[in-house]
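Notes follow once the structure below has been shown.
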Ligand SMILES: Nc1ncnc2c1ncn2[C@@H]1O[C@H](COP(=O)(O)OP(=O)(O)OP(=O)(O)O)[C@@H](O)[C@H]1O
């Protein structure tokens, strides 16, 4: 048995799009068959039925209505599927035989644009990786904003470097030229963060032509000369996009080649540890992040740009000050900046609208959104006229107010157009002579009908006679049953209803032809004219994108100025010195949660004494303090004011953080191994201009090992790297390093002890903490009183014992997890107290705290 002709057609097309779910257009539906239908029915929760396909068994089938397709496509793509849209290329009404069909676009996770949600603030990057030997080319493309960020990394032996670079833009889809071994590792990691990866290996002999053809500029102009890896990755992403999108990618205009030293490189751990964009919580939400505090932008493009600034802090002092001076000028002009904000608020997502132009799915209402946005630009420009800082002046000079585009839309598009471009009712009266004439004909036609109705009524004497219209047989004359006998002979009966009969006459059909002909022509002509307007505007897409970019920058600068005032920030002094001085610094996020109770702290650190060892009890605020310093440096380097009363920031090239136990990303490694991996990356990559934050490094192994490693790390940073380093530790022994090494200074976060309690003062002061107060903190944490009292006894004994005595007792030998509450207490009482060292006791307490908490749960 052979397949039906339509199924044959389907199978032929599907053959070319094996890795996509094929949405096959049939009338008002997209239908899916076979495996696609099974997947779609499961993922979209739609009914799975069957279709006769010419075989014995029916083909599994699922379908979604055409008008709701966007929703379903979006859902599938978000789950990582590719969706190929196969359209009917001719009108079935006029097709002779089987309607011609073909795929007009493939949606993939990195290229889908949800054009319906104009408020969406996130970027969606597609990344292409090209690898050859130990060289990598990386090209990130955002089809929405039309931006491309391209770089290459040569002689790379550590895949984590590539991983960090990838995570700078957190792409949602990656294409790679081969499934090289390291990529497999990456896939494992990235899959957990929902990145979809596929192999794409087109032969790229003409990579350079592909690029110059797209950008109409030489490789030299594009700063890509001799960047062979970058060129290949860029060319392959362009080819991939062309294959998927099947349109000229005229929105891809803004190509930025960056070196890996153009921006401060924030590795993924640091972005996560400092909660810059996403919170550490599993839900990955944006609340409680630096972004959430700084984001007062009012346009979607401003929101996206701010996120990018945070991911790419600058290291060029001049550029940072360029931003800071403008933020400062806006900060000092409350009225001006609120006026600017008010104007920006009415501007739509011009980036998204421009990409709709490219994909031909822009409608007349969208054009009105562009017009409304443009209407605000002259006033915006006028407001910018008074500013003196270079950045604002530059925006003022370059801001293209797009008046020609405004005028074109204004004179051509109706004020309340239909949103379906194929329904007419789009073009304004007076814009096109032919449209006006056709409109008149269709209006006149309606009056002809009215006249005919009156004439027929009069002639036949049928009072209830009326002329109506339906889609099946067009205009008809309706006569109620009671007047049937008066119906003239030339009436041709068409339909019988319960109480009436419907007729047509040759005259009626004549008029109908004129009216309907005019209406169809009108709709067609309106579409044609709309299309040419759309095309004219599309030719100006680059100008719209540039204006949109200027608006985004302005929005971010105003946002930073607004937040600076609301949160009482100060303009930092940013320079190329080796100093970081902060007076009364605060943690930008925690202070917003704590009202006025946040205690500010200072820091003064420079190349001569670059290392701070910070001690203090648990919960004192060590991590908060270190993070706040890192965040303030980062904020200064994006051009933001900072939460302090004074700040001098000598720019840093990288911020590294090693904080707490992190996920076991590179599979098969223990927490300690992950910790050491991260530290080794830091020691291998940091320079004297970096800022390193190490929080309790060495804790993941036995005390002596941990302490020795911590000590050796500090010595290495001190002697070899000389990076500014903040090192929080519970190993009090490490504070002895201050006497040994010039560049190290001890600090502690002070607490006050009253009777049995401790009060956290949260103030950092010079010197090492005198003791750890572990027991008091354990008590605060709710450890049973009995345990606390026993622990005190133990500690007392310890403090009176000889610290150098070698010990046979190893706390880890006790399988504490298997102990019941009672035996736990017995175990403590039975400890070999005479021989235990303080560090072992503390470790033991630390374990106890954990176990006791788990027992309570
Ligand atoms: N400067 C401050 N002002 C007010 N509250 C603070 C301050 N610093 C920290 N805190 C509060 O103390 C809590 C604990 O701080 P943090 O986690 O920094 O302590 P820690 O010393 O690193 O503790 P541990 O050694 O157990 O990791 C924070 O969650 C915050 O609520």
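Sort 464, 299, 151, 505 by Cβ crowding within 10 Å, fewest neighbours at the top.
464, 505, 151, 299
Sorting 216, 730 on the 10 Å Cβ count, fewest up front, what's the list?
Starting with the residue having the fewest Cβ neighbours, the order is 216, 730.
Where the centroid of each part is defined by its Cα atoms, how far is the range 741-769 from the range 304-324 in Å?
35
Provide the FRET efficiency to the nearest 0.05 for the residue 404-residue 715 pair, computing r from the beta carbons and using R0 = 51 Å.
Plugging the Cβ-Cβ distance into 1/(1 + (r/R0)^6) gives 0.15.
Can you quote the Å³ per residue value for the convex hull of the Cα atoms in the range 433-528, rounded to an integer?
Spread over its residues, the Cα hull of the range 433-528 gives 88 Å³ apiece.
How much of the DSSP beta bridge set in the range 5-107 is antiparallel, as a percent to the nearest 5?
Around 75 percent of the beta bridges assigned by DSSP in the range 5-107 are antiparallel ones.
Taking Rh as the Kirkwood radius computed over C-alpha pairs, what is the Stokes-Einstein D of the range 237-326 at 4 °C in a medium of viscosity 1.567 mPa s, expressed in µm² per second?
In µm²/s, the coefficient is 82.
Taking the Cβ of each residue in 56, 43 as the centre, tally the other Cβ atoms inside 10 Å and list the residues starting with the fewest.
By the 10 Å Cβ count, ascending: 56, 43.
Across every pair of different alpha-carbon atoms, what Kirkwood hydrodynamic radius in Å does the range 5-107 reach?
Result for the range 5-107, one decimal place: 13.8 Å.
Quick check on the range 552-674: of the DSSP beta bridges with both residues there, what percent are antiparallel, nearest 5%?
Around 75 percent of the beta bridges assigned by DSSP in the range 552-674 are antiparallel ones.
Every read-out reported here was derived from the displayed coordinates using simple, explicitly stated rules and does not represent laboratory data. Fair warning: this is a prediction, and the values are worked out from it, not measured in the lab. So basically every Cβ, Gly included, is an ideal-geometry build from the backbone, and we count neighbours across all protein chains shown.
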